[in-house]
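Inspection log for the structure reproduced underneath, given as structure tokens.
The values are calculated or read from the model by the stated rules, or taken from the named source; none is laboratory data. On a predicted model such as this, the values are computed, not experimentally measured, just so you know. No Cβ is skipped: glycine too gets one built from the backbone with ideal geometry, and neighbour counts run over all protein chains shown.
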Amino acid sequence: MPAPLTLDAPRLHAAIAEIASAIQARHGDRSNLCFIGIANGGLELARRISAAVDPTVPTGDLDTSFYRDDIGRNPIPKESRPTIIPFDVTGKTVILIDD
């Protein structure tokens, strides 16, 4: 397994800008686009990418604590976040974002 990559602030901002640029290039019409951040690490990342792509694109939060494939090996967290998706995803292009 490769060692985790740690980014300093300038490299993180550059990575977000690069991801946003790729999404903008692929999804010129963003009317059917939405972002969903996966708790915990993907929530803030989803917000930042969404803001860089188009602040009008809806963004939601998904907590997968009870749906993990490693739930037998790792305990369920004592605290979980609510899943908040305040829009209908039917017919949308959903981009899931996690760290």
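So the values come out like this:
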read-out	value
Qualifying residue in the range 47-66 (condition: closer than 22 Å to Asp88 by Cβ, in a loop (DSSP other than H, G, I, E, B), among the polar types (S, T, N, Q) and modelled with pLDDT under 95)	yes
Residue pairs meeting the criteria (Cβ under 8 Å; at least 6 apart or on separate chains; first without any contact (Cβ under 8 Å) to a residue 40 or more places away in the chain and of a type in the set (Gly, Ala, Ser), in the range 15-32; second surrounded by fewer than 14 Cβ atoms within 10 Å (Cβ to Cβ) and in a loop (DSSP other than H, G, I, E, B))	Ala15/Leu7
Single residue of the range 1-15 satisfying the filter (among the aliphatic types (A, V, I, L, M) and either part of a loop (DSSP other than H, G, I, E, B) or modelled with pLDDT under 85 (or both)) that is surrounded by the fewest Cβ atoms within 10 Å (Cβ to Cβ)	Met1
Residue list for the range 19-63, filter: crowded, with 17+ Cβ neighbours inside 10 Å and of a type in the set (Val, Ile, Thr)	Ile19, Ile23, Ile36, Ile38, Ile49, Val53, Val57, Thr59
Candidate set: the range 22-46, residues that are assigned to a helix (DSSP H, G or I) and closer than 16 Å to Asp99 by Cα; chosen: the one modelled with the lowest pLDDT	Gly41
